[in-house]
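Take a look at the structure below.
Where a number appears in this text, it was derived from the coordinates with a stated rule and is not lab data. For clarity, every value in this text was computed on a predicted model and none was experimentally measured. Virtual Cβ from ideal backbone geometry, glycine too; neighbours counted across all protein chains shown.
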Amino acid sequence: MIARVLILLGLTAALAGCGNKEETHTVGSTEGVYIDVGDLKYQVQMSRILNPNDVEDAAYLAGLPASSQLPGNEAWFGVWIRVENTNSDKALPAASQFTITDTQGNVFKPVPLQKNPFAYAPSTLGPKSVSPNQNSVAGQGVQQGSLLLFKLTTESLANRPLEFKITNPADPANTGRVDLDV
């Protein structure tokens, strides 16, 4: 009887200790999971192929040069992200380097968008702040995230899963990764 009580006390102490530790997650096996990159939290809200002939998607593609028509073996691909600074006392720079890699090792970088209210723009996030701002077009949009636009080959879209990588601006060796749903 005394042995059982001691074992239960030991288990209780071990479990209580587990609750005091905050876990750091740098890999997301799917979209929607928060990952830690440096001291900021990132969440891929959604990713999908964009259709320039669709009214909603045309708004996401605003700001591309007029000559941005893609050949038949390429597609526009959007990744919407949300960034949070949960730190209560200091402003932190958000990431400016992102890539998508397919299973064959092909790497794609975001295509810059000019004057697009949905486009992600790296910034410094103040304490307890979120990007995109809730009162912005991107924050009020369906995805409630800022858009990173990629030009992918249709072959790469078949080479899944696609890995989305976020690089910490303060320490490029520190990255976060999310498998994208396609």
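Couple of notes before you dig in:
- Structure-based [θ]222 nm, the chain - -39500 (n - 2.57) summed over DSSP H runs of at least 4, per residue, nearest 500: -4500 deg cm²/dmol
- Stokes-Einstein diffusion for the chain at 25 °C, viscosity 0.890 mPa s, with a Kirkwood radius from C-alpha pairs, works out to 136 µm²/s.
- Footprinting exposure proxy for V182, V107, V37 (fewest neighbouring C-beta atoms within 10 Å first): V107, V182, V37
- Over the range 47-126, the hull volume per residue, using the convex hull of the C-alpha atoms, is 126 Å³.
- Reachable lysines, given that their alpha-carbon falls under 18 Å from the alpha-carbon of K41 and they are not under 8 places away in the same chain: K21, K90, K128, K165
- Distance between the modelled labels on S136 and A170, one decimal in nanometres: 2.1 nm (7 Å Cα→Cβ projection).
- Acute angle (nearest 10 degrees) that the helix 2-18 long axis makes with the longest principal axis of the chain, alpha-carbon atoms: 30
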